[in-house]
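What follows is one structure encoded as structure tokens, with my remarks underneath.
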Amino acid sequence: MSFEDLLTWAPAGSREEALARQLNFERLPVHVAVIMDGNGRWAAQRHLPRVEGHRAGIDAVRDVVETSARIGIDVLTLYAFSVENWKRPPTEVSVLMGLLKRYLRLELENLLANDIKFQVIGRQDELPADVRHELDVGQARTSGNRGMRFNIALNYGGRAEIVEAARSAIEAGLRPSELDEQRFGDLLYTAGQPDPDLLIRTSGEMRVSNFLLWQIAYAEIWVTETLWPDFRARHLLEAILDYQKRDRRYGGITQPVVVGR
Ligand code: IPE
Ligand code: IPE
Ligand code: MG
């Protein structure tokens, strides 16, 4: 994104503009992953049923997808439904599935217009047939897109993903000596994608809840008290600015800056 584009997007004098001006476009996280949490609490604060929180969360999804694509994030992964979320009341689960279907139907043209490639990570075969159909259409129609990759983690579990990868290694007849981290990574849903650089969690919980366990090995974690339905572009920009101040050492040491030589 050019600086001019940025200024047309963020209204002059807005918080977004002030934050966007501070961004270092040379050091953007390549992959941002988000645990969208707090919909239920958002609804409870307003004495509304939990599902109203999920409904309100859709606006946050739109804003984050659009902002990420605009600023030039290569991969965005949103955690929408975990393998453990089936423990919730059936009505809540079916509202969530319905919202997802509607989101895809309404947003598909927008995803196409923005060259976004949509992909599901998780066990799609266990999802209701009508949801699977919508996901298939979304993935097929955006498959040729070359802009941002947008992964939705749906019926996703990090441990399940690792077990499935191990099973496929066995099924493929790989010998132990042929298996290394690179090869194993290629058996995961995120094959070919860079690992998340930045992991955001909303609503203050300090846990990863079975999300991308393999891939977040060296992700920088940013947790905000903001509840997901209230999360907007400015929060994403705050997270990225904080990320840009981090010293990523990957187990090594920071090289001291030698001044005056
Ligand atoms: C996140 O919000 C959405 C999903 C997990 C599907 P929650 O529904 O978990 O909201 P809280 O954590 O109960 O507030
Ligand atoms: C994580 O949130 C799953 C998603 C955001 C889809 P949860 O609300 O399910 O996580 P816990 O139960 O608080 O760990
Ligand atoms: Mg939650």
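None of the figures in this text is laboratory data; all of them are computed from the coordinates on show. Model, not experiment: these values are computed from the prediction. Glycine also receives a Cβ, built like all others from the backbone with ideal geometry; neighbour counts cover every protein chain displayed.
For ASN155, what residues show an amide H to amide H distance below 5 Å, using hydrogens built from the backbone and excluding near sequence neighbours?
PHE81, SER82
Just in the range 40-106: which trypsin sites (Lys or Arg not before Pro) are loop by DSSP and have at most 14 other Cβ atoms within 10 Å?
ARG46
Would you pull out the residues with amide H under 5 Å of ASP37's amide H, same chain only if 5 or more places away, H placed 1.01 Å from N?
HN-HN under 5 Å from ASP37: THR202, TRP228.
Kindly provide the pair-distance distribution of the range 204-261 built from C-alpha pairs, with 5 Å bins from 0 and whole-percent values in order of increasing distance.
The distribution over the range 204-261 is 4, 13, 17, 20, 20, 10, 7, 5, 3, 1, 0, given as percents.
Report the Cα centroid-to-centroid distance between the range 70-147 and the range 178-203 in angstrom, as an integer.
19
Suppose only helical runs count, i.e. DSSP H with n ≥ 4. What mean residue ellipticity at 222 nm does that imply for the chain under -39500 (n - 2.57) per run, divided by all residues and rounded to the nearest 500 deg cm²/dmol?
Value at 222 nm, helices only: -13500 deg cm²/dmol.
Relative to the compact-globule scaling 2.2 N^0.38 Å, provide the ratio for the alpha-carbon radius of gyration of the range 160-261.
Normalised by 2.2 N^0.38 Å, the Cα Rg of the range 160-261 equals 1.42.
If amide H atoms are built 1.01 Å from N in the plane of the peptide, which residues on other chains or at least 5 residues away come under 5 Å of the amide H of PHE118?
When sequence neighbours closer than 5 places are left aside, the close amide H contacts are THR142, PHE150.
How big is the Rg/Rh ratio for the range 156-220, C-alpha atoms only, Rh by Kirkwood, two decimals?
Numbers: Rg = 13.4 Å, Rh = 13.0 Å.
Value, to two decimals: 1.03.
Calculate the tail of P(r) for the range 70-207: the fraction of all Cα-Cα distances greater than 26 Å, expressed in %.
Tail of the P(r) past 26 Å holds 31 percent of the pairs.
P(r) tail for the chain, what percent of Cα pairs lie past 26 Å?
44
LEU48 to THR91: extension gain in nm, 0.36 nm per residue of separation minus the Cα-Cα distance?
Taking 0.36 nm per residue and subtracting the Cα distance, the gain is 14.0 nm.
List, in order, the whole-Hz ³J(HN,Hα) value for each residue of the range 45-57 obtained from phi through the Karplus relation with A = 6.51, B = -1.76, C = 1.60 and θ = phi - 60°; use x for Gly and Pro.
For the range 45-57, the Karplus-derived couplings read 4, 9, 6, 10, x, 3, 4, 5, x, 5, 4, 5, x Hz, x marking Gly and Pro.
If you take the beta carbon distance between ALA140 and ARG249 as r and set R0 to 45 Å, what does 1/(1 + (r/R0)^6) give as a FRET efficiency, to the nearest 0.05?
The pair ALA140/ARG249 has a calculated efficiency of 0.60.
With r as the distance between the Cβ atoms of ASN24 and GLU84 and R0 = 30 Å, compute the FRET efficiency 1/(1 + (r/R0)^6) and round to 0.05. Working shown, then result.
Working: r = 37 Å, r/R0 = 1.23.
It comes out at approximately 0.20.
Sticking with the crude label model, points 7 Å out along Cα→Cβ, report the distance from HIS133 to ALA172 in nm, one decimal please.
Roughly 3.4 nm, to one decimal.
Out of the GluC sites (Glu not before Pro) in the range 212-261, which ones are loop residues according to DSSP with at most 15 other C-beta atoms within 10 Å?
Of the GluC sites (Glu not before Pro), the ones in loops of the range 212-261 whose Cβ has at most 15 other Cβ atoms within 10 Å are GLU225.
Checking the cross-link filter: which aspartates and glutamates have an alpha carbon closer than 17 Å to that of LYS101, excluding same-chain neighbours under 8 positions apart?
GLU52, ASP59, GLU92, GLU109, ASP125, GLU126, ASP130, GLU134, ASP136
Can you give me the distance in nm between label points at ALA217 and VAL257, each placed 7 Å from the Cα along the Cα-to-Cβ direction?
For the pair ALA217/VAL257, the computed spacing is 3.0 nm.
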